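Working notes, beginning with the structure itself.
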Amino acid sequence: MSSHAPAHEDAHEAHHGHSHGHEAAHGTLKSYVIGFVLSVILTAIPFWMVMADVFDNHAVTAAWIMGLGAIQIVVHMVFFLHMNPRSEGGWTMMALIFTLLLVAIALSGSLWVMHHLNTNMMPMSPEMMKNMP
C-alpha cells in the first residue's frame, strides 16, 4: 500500500502545484484598464482621421492607419497577452518572431508577384475584353 502513496502524491502535486511552467505574471486591473484605454484611443484616432478627412492624400491616411494598427498590435500583446522576453522562458517571443517572419515573407512575396504580373501583363482594350471567352 505504501507503493501507491508516492504516485498519488506526485499526481496530486502535479495537479495542484503552482509550478506549471508559466513564468509570465498575470495582469492587474490597472494594466487591463491601461490596455483598454490605449486600444480605444488607437481605434478612435484612425476613425477620426478618415471621417474628418484630415489628410488630402489617401496614401498618407492609409500609412498612418497602418502605423497606428501596428502600435495597437503591440499594445494588445503586452497588456492582454502578457508577452515579454521572460514569459515561457522566451519561447512565446521566439514564436512571435517566427510568425512575423513568415507573415513578412508571405506578404512581400505576394506583393512582388502582383507587381510583377501588373508590369508584365499586356494591356487589354475594351474591344479585346468583349472578345474574351
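Quick check: residue separation of Ile97 and Leu117 times 0.36 nm, minus the Cα distance between them. What number comes out in nm?
Values: separation 20, 0.36 × 20 = 7.20 nm, distance 3.00 nm.
The Ile97-Leu117 span can extend by a further 4.2 nm.
Which order results if Thr99, Thr92, Thr119 are arranged by neighbouring Cβ count within 10 Å, fewest first?
Numbers: Thr99 10, Thr92 18, Thr119 7.
Ordered from fewest to most neighbouring Cβ atoms within 10 Å, Thr99, Thr92, Thr119 come out as Thr119, Thr99, Thr92.
Once the piece of chain linking Val78 and Met124 is laid out straight, how much longer is it, given 0.36 nm per residue of separation minus the C-alpha distance between them?
Values: separation 46, 0.36 × 46 = 16.56 nm, distance 4.95 nm.
Going from the current span to full extension adds 11.6 nm.
Taking 30 Å as R0, compute the FRET efficiency from the Cβ-Cβ separation of Leu107 and Val40 and round it to 0.05. Provide the component values of the computation, followed by the final result.
On the way: r = 28 Å, r/R0 = 0.92.
That pair, Leu107 with Val40, gives E of 0.60.
No value in this document is a laboratory result; all are computed from the given coordinates. Nothing here was measured: the structure is a model prediction, and the numbers come from that model. Counting neighbours? That spans all protein chains shown, and the Cβs are built from the backbone with ideal geometry, glycine included.
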